[in-house]
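J.: A single structure is presented below for examination.
The values are calculated or read from the model by the stated rules, or taken from the named source; none is laboratory data. Everything numeric here is computed off the predicted structure, so don't read it as measured data. All Cβ positions, glycine included, derive from the backbone under ideal geometry; neighbour counts span all protein chains shown.
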Amino acid sequence: MKRISTRVALLAGLIAVLYLGLFDHTPQGSECRKSAPAHGLYTAELCLLRWIPGRSGSPEYVGRLFDAKTGKLLAQRTFSTPVPDLFWSTGLRYSLNPYSPPRYLGPSVEFSRGDGGEGDSSISLPPSFWDKLAAARPRL
């Protein structure tokens, strides 16, 4: 009897992990803003997920990156920030030490200015393999 209950518990745990990992549970959001860069390869969307009033917390948002021609979702980020914004970055060269060679951060779409709060509020261009894989999950 103990073996059966252990197997049932393991099967239920496996189903829960697969359900949470294989399906996208992110709500569509509201008050969405869209933007496209000058080159026209992508479009981006910033939507409010949950408003948290007052100074106690930051509202939650979702940022999405789409292929401009097909409209296919390429990447998605959820994050919280007090200062949401949607803008395109062409990249940045910086050096932490004047004697070291400069580093380069490639182009990206940014969904927040200043302190990003919780979560990553930018998507690098082109999106990574993992971004595309996560975006390919079916929505529930």
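J.: How many residues does region 59-79 contain that are over 12 Å from ILE123 (Cα atoms) and among the charged types (D, E, K, R)?
T.: 4
J.: For the subset of region 118-137 comprising residues that are under 21 Å from GLY71 (Cβ atoms) and of a type in the set (S, T, N, Q), which member is modelled with the lowest pLDDT?
T.: SER124
J.: GLY40 fails exactly one of the following numbered conditions: (1) part of a loop (DSSP other than H, G, I, E, B); (2) modelled with pLDDT under 75. What is the number of that condition?
T.: In the conditions (1) part of a loop (DSSP other than H, G, I, E, B); (2) modelled with pLDDT under 75, GLY40 misses (2) alone.
J.: Which one is farthest from the chain's Cα centre (by Cα) among residues in region 79-111 that are polar (S, T, N, Q) and assigned to a strand (DSSP E or B)?
T.: Going through the qualifying residues, I end up with SER89.
J.: Let me confirm something: among PRO82, PRO27, PRO102, PRO53, which residue is of a type outside the set (Lys, Arg) and either at pLDDT 80 or above or under 17 Å from ILE123 (Cβ atoms) (or both)?
T.: Exactly one residue qualifies, and that residue is PRO82.
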